[in-house]
Amino acid sequence: MASIRRRKPVEPSNTSVQKEEEEDEEEEDHSKNKHRRKSDKKSKPKWSCVDNCCWMVGYICVTWWTLLFLYNVMPASLPLYVTEVITGPLPDSPGVKLRKEGLKAKHPVVFVPGIVTAGLELWEGHQCADGLFRKRLWGGTFGEVYKRPLCWVEHMSLDNETGLDPPGIRVRPVCGLVAADYFAPGYFVWAVLIANLARIGYEEKTMYMASYDWRLSFQNTEVRDQTLSRIKSNIELMVEANGGNKAVIIPHSMGVLYFLHFMKWVEAPAPMGAGGGPDWCAKHIKAVVNIGGPFLGVPKAVAGLFSAEARDIAVARAIAPGVLHNGFQTLQHMMRMSRTWDSTMSMIPKGGDTIWGDLDWSPEEGYSPMKRKQRNTDTQKASQDDPETEISQTKRANYGRIISFGKDVAEALSSDIERIDFRDAVKGQSVANTSCRDVWTEYHDMGYGGIKAVAEYKVYTAESMIDLLRFVAPKMMERGSAHFSYGIADYLDDPKYQHYKYWSNPLETKLPNAPEMEIFSLYGVGVPTERSYVYKLSPSAECTIPFQIDTSADEHDEDSCLKGGVYSVDGDETVPVLSSGFMCAKGWRGKTRFNPSGSRTYIREYAHSPPANFLEGRGTQSGAHVDIMGNFALIEDVMRVAAGATGEELGGDQVYSDIFKWSEKINLQL
Amino acid sequence: MASILRFRKLCYVEPVKFQFFQPQNFDKKEETVATGAKTSLENNEKRNKRQPKERSCVNSCCCVIGYMCTTWWLLLVLYHCLPAAFPGFQVPESPGTRLKREGLTALHPVVLVPGIVTGGLELWEGKPCAEGLFRKRLWGGSFTEVLKRPLCLLEHLALHNETGLDPPGIRLRAVSGLVAADYFAPGYFVWAVLIENLAKIGYEGKNMHMAAYDWRLSFQNTEIRDQTLSRLKSQIELMYVTNGYKKVVVVPHSMGVIYFLHFLKWVETPPPMGGGGGPGWCAKHIKSIMNIGPVFLGVPKAVSNLFSAEAKDMASIRAMDPGVLDSEILRLQALEHVMRVTRTWDSIASLLPKGGETVWGNLDWSPEEGYACDLSKKRYLQASAGDKDTNGSDVKMDFHVKESNKNFWDTRTNRNTNSSCGGEVWTEYDEMCRETIRKIAENKPYTARTALDLLRFVAPKMMQRVDSHLSYGIADNLDDPKYARYKHWSNPLETKLPDAPDIEIYCSYGVGIPTERSYVYKLSPNDRCRSIPFRIDSSVDGDEDSCLSGGVHLTDGDETVPVISAGFMCAKGWRGRTRFNPSGIATFIREYRHKPPASLLEGRGLESGAHVDIMGNFALIEDVLRVAAGATGAEIGGDRVHSDIFRMSDRINLRL
């Protein structure tokens, strides 16, 4: 546009006016423009603003269409070609590679998606959600979040007391493979794995997505939707239809706990369980390939429940730009919503101080991010402490203190900290109660006294933190403690452990009696992962969440693990190595009391290496919690297992982190 | 695309609007100023002098496009601002809402069985030409691929010509879940309205199941390849248990009806061939079967489809026609491609008319005779069959002209030796020489029985494949062990219903639309090779009252299925205790008179009786909901008949 117009001013000379006008008329005839015809000579019609504008719009439209057309005409292989020119030939996808090797679909495969990654759709709603019937409220484009945020929050919340549907609202999980193949358009979760499995012959009859409503507590999915029965029946059907080949289960993230619950449920006698008999798992399951499993919970869940600040990556990425940064009111809505979800409580760290460390000790102590980088090069001979690490221990992080108020407290020796017990503190009456009624979080019931008491206790470990949550959110924890338990069993044969609330805690259940079954733990390492937090009181007390992460707490030292008020440790960005690896490294290794039949366990770690350039998208060697689902090495392992390989054939353990060393340090009776 | 437009609208509408007001003021000012100050005029003229030149062709084009875009966006904005309901147009309350107020709640789990072509198919493994379509719908959805690479699509849709299963290297599978057939194409609902209404009274994923299957395969092959029948069995058992031991209400549509008939036999048959559910399975798990638009005895359309690919199921016509079939240049070639593909689908053959001349009439007689098409005027005038001198006789003439008996199938097919017809578009017609084609044409009329022989003659390989899966006769002795074979299971005239006296069977279908019943053919004038040698003679037309138009004789039905096929089994074949229904299962006929949508706003109509549109018929939906919520056939009013089905059935002389 600019070029055309600029050329003109150069041309016209100072020739007579009349001549030009004649020319004009000729041209007018050519360009049969009605507007111009009407006009007489004196008041020459000209480029009025409308014309100009339309001209511009037209121009833009035309270019846009041309580009679209070109894009559509472009052969599909062009982007691939460009990529290959820039980065060199791409490696074969694992599916293609293994197909060439002659692998074939053998065992039926069951996917168990994790929290937040699966879609939810509306089946019955209030007036404000008109026209959204069977549309996705969660997953997909999240268009509705922007259009009617309050309505959305209302529909996504569960009942505050029962933890089930609020009256008049039914939001149900999407079923089928579409439930969690893509979380949002372009953001794959299971899609890459599915595509690769399809290459060696898998299809819908041999693949099953065990989608469930991830907001509910595990037992409630059975109570409300009979999801567990559905999974059981589907596994039975697939095993039968595939000539008796046992199923390979692939749970991801929270799905790991969900499936742990399932394995207990399916063998438990009828009223509470399914009555499948004591050998159901042995008969139907070949291997459980856990991906990024938070067996022992994640510290992130605590911060999420406590102050709604650390959320699961997927949510943050998808929603944060639009909603979360709008101010504190949004955070509180989020908090009110997520506190009605029982499932978030399944991820609270389990095992208390024995696992997660107390005030002075933690299994990971001595870890420094720098060391990781060195370790990457000279792979691993590492269980011995080299002198270097001892030096960097001078200023070690107290990971055991999951929440501490103030940076100084986080670093001080335990003897120096003065703590005042908060448990019996009087909460005091809150005056702000009336003004913030619409955003109800239980903080309004606490009053100043309670908040101060919380802050004065200073340091919370994994165990006391559960008390803390009971103190600040009594109703939620009351609901939660009916469904989940966070301790360690002293005596597993105690009849009380037959209750379903223990089923998803690996430290309070026995694995099923299935010596043939193999348990894999696949996870990424090499990404800093949240482990403990430095908190402060929030400056404005009215109507806001009274605590927030002290983002100013920062260590300027490069080596330090403290950044923005968060101590980080090795892991996959969401789950620390300890949580995902400990059970397979020690808790279940060999014949232990948690694993009486001696099912074999394998650890497969995948070192994170970020995508080399943006063309690679989310990377084929990523170790991040969700992105690892596109990791070629992991996909290859999964496919080999599905095609019949055992853990030994895969190569046994594959370890980059210090998981064995750390597990050694944990003093748990086995 | 729409979203892009909307996005652009957001970006541009604002500035455009803004500038809309200014120029008008500007123009007015111009006029006043033009007479006034000279200096300003000169300035203006200077600008004028240059600008006319800029108005080149490109510019005015852009300008026009700009105008169009702006108006388009303005209209879009207006459309979005529009209140959801027009003031003058009241959407009648949906049956779901009304029944919910009456207090109905979900009771029996519901299984939906879709029919032919309405279920989606997605690609799991394909040839290089289909790259990037993994797990995308090739069938159903927006059909964009049909337009982009039609030949590739046809190649993938075709099955193996001999086995009737996947061709090597291609895996096309049925979409599963409710999405499989809720909408066939965007905006063209199939099950969506019913699902929405069921949801209103409390149904959801756990008590509603869509039994999607690959509708191209023969029924038994869906089990062999995909274990679809086992899946359906296990789902029904699961829903029965998880919903408090409530029996299941099955709602099959169109071809789903005979698919489910096949399932009923399969599930009780012992393992190697069947599902091994034992003789009480149906009685234990099924409450009622609400057949919608059932094709129990087949549809005549299927014959012409296989014979000359000309009458296709309407859904596929509507969706595919604009792009492929109607383009003048490609027309014949396209038809042949379609024919080649459809002939590999065993399921089409399952829709061929069953029962032969006993049911469909012979050269001189047919159960519908005396039926007049001008429904509005003389619907019930021709009550007696003896009335032969009215316009009905005209019809009969064409029906039943009988020539000397040349048995064309005795003549040997001389293999076509001229190989100029390269094998690109392979239909079995290529192998027939002109001589035999002429012989076929000489043997003028074909009845339901001889039409089968005709098909066997023109397409021997297809029929050979099909004959091992399907059967079209009438059983003389149902206890004959040969009827235990699965090829008889989907033919209601060759099987017994299961021993389950508590089941109720409904035949719900639309009436009042002219439906194809028989055809007048001619030889195709085109001698080119690779063309289909026969085509419907669309020049043949009767007078206004007659049922013959465009070479097709019409009768009462729902636009696809004639009444006789949809209603006969419920009206007579299974009514009471017959040899086809030894346990005396109750049957009900529910007919819905077709009423075209009153205005454009009603879309496809709330009282439609057409084969697929009936799924949005409020009366039908209400019936389904009531039955699902526990009502029996007597409670919803027993039979509801508008057509002559009982009289027609009486005329059929079938031993019961």
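Data overview
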read-out: Out of B:Gln220, B:Gln227, B:Gln235, sole residue that is in contact with a helix residue (DSSP H, G or I) (Cβ under 7 Å, 6 or more places away or on another chain) and either surrounded by fewer than 22 Cβ atoms within 10 Å (Cβ to Cβ) or assigned by TED's automatic domain parsing to the domain that holds B:Val466 (or both); value: B:Gln227
read-out: Verdict on B:Leu261 being under 27 Å from B:Pro492 (Cβ atoms), assigned to a helix (DSSP H, G or I) and within 14 Å of chain A (Cβ to nearest Cβ); value: no
read-out: Filtered residues of region B:553-597 (kept if free of Cβ contacts under 8 Å to residues at least 60 places away in the same chain and buried (at least 19 other Cβ atoms within 10 Å of the Cβ)); value: B:Gly557, B:Arg575
read-out: All positions within region A:148-173 that are within 12 Å of chain B (Cβ to nearest Cβ) and part of a helix (DSSP H, G or I); value: none
read-out: Restricting region A:206-255 to residues that are away from chain B (no Cβ under 13 Å), small (Gly, Ala, Ser) and over 21 Å from the mean Cα position of the chain (by Cα), the residue that is surrounded by the most Cβ atoms within 10 Å (Cβ to Cβ); value: A:Ala247
read-out: B:Arg137, sole failed condition from (1) within 14 Å of chain A (Cβ to nearest Cβ); (2) touching a residue at least 40 places away in the same chain (Cβ under 8 Å); (3) of a type outside the set (Gly, Ala, Ser); value: (2)
read-out: Number of the condition not met by B:Gln90 [criteria: (1) surrounded by 11 or more Cβ atoms within 10 Å (Cβ to Cβ); (2) within 34 Å of the chain's Cα centre (by Cα); (3) modelled with pLDDT under 85]; value: (1)
read-out: Every residue from region A:458-506 that is outside any helix (DSSP H, G or I) and under 23 Å from the mean Cα position of the chain (by Cα); value: A:His483, A:Phe484, A:Ser485, A:Tyr486, A:Trp503, A:Ser504, A:Asn505, A:Pro506
read-out: All positions within region A:225-277 that are outside any helix (DSSP H, G or I), among the aliphatic types (A, V, I, L, M) and in contact (Cβ under 8 Å) with a residue 60 or more places away in the chain; value: A:Ala247, A:Val248, A:Ile249, A:Ile250, A:Ala268, A:Met272
read-out: Enumerated helices (runs of 4 or more DSSP H) restricted to region B:544-656, each holding at least 2 residues that are among the basic types (Lys, Arg); value: B:645-651
read-out: Tally of residues being assigned to a helix (DSSP H, G or I), touching a residue at least 60 places away in the same chain (Cβ under 8 Å) and facing another protein chain (nearest Cβ under 10 Å) across region B:229-258; value: 2
read-out: Matching residues in region B:156-174 - criterion: being away from chain A (no Cβ under 14 Å) and surrounded by 18 or more Cβ atoms within 10 Å (Cβ to Cβ); value: B:His156, B:Leu157, B:Ala158, B:Leu159, B:Gly164
read-out: Pairs, first at the interface with chain A (Cβ under 7 Å from one of its Cβ atoms) in region B:58-71, second at pLDDT below 80 and not in a helix (DSSP H, G or I), C-beta under 9 Å, six or more apart; value: B:Asn59/A:Ser31; B:Ser60/A:Ser31; B:Ser60/A:Lys32; B:Ser60/A:Asn33; B:Cys62/A:Met1; B:Cys63/A:Asn33; B:Cys63/B:Arg55
read-out: Every pair of residues 6+ apart whose Cβ atoms lie under 8 Å, when the first sits in region B:487-503 and is within 16 Å of B:Ala586 (Cβ to Cβ) while the second is of a type in the set (Ser, Thr, Tyr); value: B:Leu497/B:Ser583; B:Pro498/B:Ser583; B:Asp499/B:Ser583; B:Ala500/B:Ser583; B:Pro501/B:Ser583; B:Ile503/B:Ser288
read-out: Residue check, A:Asn376 out of contact with any helix residue (DSSP H, G or I) (no Cβ under 9 Å at 6 or more places or on another chain) and either polar (S, T, N, Q) or modelled with pLDDT of 50 or more (or both); value: yes
read-out: Verdict on A:Gly186 being at positive phi and at the interface with chain B (Cβ under 10 Å from one of its Cβ atoms); value: no
read-out: Within region B:512-526, tally of residues that are modelled with pLDDT of 75 or more, not in a strand (DSSP E or B) and not β-branched (Val, Ile, Thr); value: 1
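The values are calculated or read from the model by the stated rules, or taken from the named source; none is laboratory data. If you're wondering where the values come from, they're calculated on a predicted model, not measured in any experiment. With ideal geometry, Cβ positions are generated from the backbone for all residues, glycine too; neighbour counts draw on all protein chains shown.
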